[in-house]
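Undergrad: What follows is a single structure, and I will ask about it in a moment.
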Amino acid sequence: MRKIRVLIVEDEAIAAQAHRAYVERMREFEVVEVAESFQEAARVLGSRPVDLVLLDMHLPDGHGLDLLRQLRATGRPYDVIAVTSARDVDVVRQSVSQGVVAYLLKPFTFAMFEAKLRQYAAFRRTLEAGDESIDQRGVDAVFGAMRPAPEDEVLPKGLSAETLEAVRTTLAEAENGLTAGEVAELIGSSRVTARRYLEHLADLGQSARATRYGGTGRPHVEYRAVRS
């Protein structure tokens, strides 16, 4: 699958740089451009192919909701994830009505950002893997791809739902088993942190442990997602 082309719409320079760095750490995505204003975003969208817009709602020359309406008026299939500090219920409601696929509130960690984008990547893969028509099971799979981990899932102290989802998705996408060090590199955490989440998934029966031999050092424990 080709990389998902991302437009970052963010007027704060430090935040824009951080978002670009976050996206570039994920191999499924590539940054098309960073737009610092409503007008600049509109220009890019009119001239460059874009799959996903990471949209701040507070722009110096307009509101993100107005840009959303303009996007929908073009009829082009842009997907949008709101990345914003806008907590107003009406803004959230209107974002949903305009087809925003996810809403990420600032401030956030890389793990939270990564979890949203990995969910989105799974969402696109599920859609693109289907035929021209789809049955109920397929529809449920598409909508389920953007659904976060259950809020009522009881986590051990010190574990977050966002990082757990990132680890779970990383295992699910891997063709082979992964060690804690490999998972840590992919999600941007320490090896010890990744191991805690991997062990939690193993305890839940959602990952399986195996021993990886080879090389001159000690064998490593690797983990694989348990396919249902």
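The values are calculated or read from the model by the stated rules, or taken from the named source; none is laboratory data. Just so you know, these numbers come straight off a predicted model, no measurement behind them. Heads up, the Cβs are rebuilt from the backbone with ideal geometry, glycines too, and the neighbour counts pull from every protein chain shown. Note: accessible area is taken over every heavy atom of the protein model, side chains too, but ligands, DNA and RNA are not part of it. Shrake-Rupley method; radii C 1.70, N 1.55, O 1.52, S 1.80 Å.
Undergrad: Consider region 173-228. How many of its residues are closer than 17 Å to residue 114 by Cβ, of a type in the set (A, V, I, L, M) and open to solvent by 40 Å² or more (accessible area, probe 1.4 Å)?
TA: Here the count works out to 1.
Undergrad: On to the next question. Show me the helices (runs of 4 or more DSSP H) found entirely inside region 157-228 where at least 3 residues are farther than 25 Å from residue 126 by Cβ.
TA: 180-187, 191-203
Undergrad: Out of curiosity, is residue 71 more than 28 Å from residue 186 (Cα to Cα), modelled with pLDDT under 90 and buried (at least 20 other Cβ atoms within 10 Å of the Cβ)?
TA: yes
Undergrad: Within region 96-114, track down each residue that is polar (S, T, N, Q) and within 18 Å of the chain's Cα centre (by Cα).
TA: Passing the criteria: only 109.
Every residue, every condition in (1) surrounded by fewer than 16 Cβ atoms within 10 Å (Cβ to Cβ); (2) over 18 Å from residue 79 (Cα atoms); (3) not hydrophobic (A, V, I, L, M, F, W, C), yes or no:
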site: 3; (1), (2), (3): yes, no, yes
site: 8; (1), (2), (3): no, no, no
site: 12; (1), (2), (3): yes, yes, yes
site: 17; (1), (2), (3): yes, yes, yes
site: 21; (1), (2), (3): yes, yes, no
site: 30; (1), (2), (3): yes, no, yes
site: 35; (1), (2), (3): no, no, no
site: 38; (1), (2), (3): no, no, no
site: 50; (1), (2), (3): no, no, no
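Undergrad: Let me spell it out: the conditions are (1) of a type outside the set (Val, Ile, Thr); (2) open to solvent by less than 50 Å² (accessible area, probe 1.4 Å); (3) modelled with pLDDT of 90 or more, and residue 165 meets all of them except one. Which number is the exception?
TA: Of the numbered conditions (1) of a type outside the set (Val, Ile, Thr); (2) open to solvent by less than 50 Å² (accessible area, probe 1.4 Å); (3) modelled with pLDDT of 90 or more, the odd one out for residue 165 is (3).
Undergrad: Tell me whether region 21-32 contains one or more residues that are small (Gly, Ala, Ser) and touching a strand residue (DSSP E or B) at 6+ places or on another chain (Cβ under 7 Å).
TA: no
Undergrad: Moving on to the next point. Please tell me if residue 7 is farther than 30 Å from residue 182 by Cα and in contact (Cβ under 8 Å) with a residue 40 or more places away in the chain.
TA: Spelling it out, it is not the case that residue 7 is farther than 30 Å from residue 182 by Cα and in contact (Cβ under 8 Å) with a residue 40 or more places away in the chain.
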